[in-house]
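**Q** The structure's right below; bear with me while I get my questions together.
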Amino acid sequence: MGLLEWYPFIRKKGYEPTLIRQSLVATTSIGSRRVDVLGASYRVILGAYLNNSQDRAHTIIEKEMLRFGSRSSLVFYINGPQAQRKLITFEIRQAAQNKATVRCEDSLDKLEQRIESNLRLKKRHFADVNANFSSSSY
């Protein structure tokens, strides 16, 4: 995860950052700089691809990446494997998403049954489908 312009912000607030523990990952590549692309440039990437053609967006992203260093000294991380310590949280969220998907299918079935039976449709039926659908997808 990257925090854009965090160092100047912390300095402006009167804090002096210190190195507590140096990561071995940062020192494994000799002469190279590791960059988490999504963490460091999420807003630039989002804005580039939403507001421009694909060729223009590629150019914008290339310029953004070159601000971190020269082409020969950069190592980009796009998306690596999930951290082991986050696996439990992922499983809990996945179970909640699966449960919401089942509830969404049930509420859609109820809505379909009411339509087929020519029963009155209430706002609550649509609200249930909408709420369960938003919970099942993120």
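**Q** Strictly over 32 Å apart at the Cα level, which of Lys86/Lys122; Lys99/Lys122; Lys86/Lys110 would you flag in this model?
**A** The pairs that break the limit, which is 32 Å between Cα atoms, are Lys86/Lys122; Lys86/Lys110.
**Q** Here's something else I'd like to know. Within the accessible area of segment 34-138, what % is carbon and sulfur when the probe is 1.4 Å and the other protein chains stay in place?
**A** The C+S portion of the solvent-accessible surface of segment 34-138 is 54 percent.
**Q** Between Ala95 and Ala131, 0.36 nm times their residue separation minus their Cα-Cα distance comes to what?
**A** 11.3 nm
**Q** Quick one: what are the phi-derived ³J(HN,Hα) couplings along segment 56-72, Karplus 6.51/-1.76/1.60 with θ = phi - 60°, whole Hz, x for glycine and proline?
**A** 5, 5, 4, 5, 4, 5, 4, 5, 5, 5, 5, 6, 8, x, 6, 4, 6
**Q** For Lys123, which aspartates and glutamates qualify as cross-link partners when the Cα separation must be under 18 Å and same-chain residues fewer than eight apart are set aside?
**A** Straight-distance partners of Lys123: Glu105, Asp106, Asp109, Glu112.
**Q** Checking the a/c ratio against 1.5 first, then a/b against b/c, what shape does the Cα gyration tensor give for segment 46-138?
**A** oblate
**Q** Could you check the simple spin-label distance between Asn52 and Arg85, using points 7 Å along Cα→Cβ, in nm with one decimal?
**A** Label-label distance for Asn52 and Arg85, simple model: 3.6 nm.
The values are calculated or read from the model by the stated rules, or taken from the named source; none is laboratory data. Predicted model only: the values in this text are computed from it and were never measured. Every residue, glycine among them, receives a Cβ derived from its backbone with ideal geometry; neighbour counts consider all protein chains shown. To get the accessible areas, we keep the full protein, side chains included, count just its heavy atoms, and leave off ligands, DNA and RNA. Shrake-Rupley method; radii C 1.70, N 1.55, O 1.52, S 1.80 Å.
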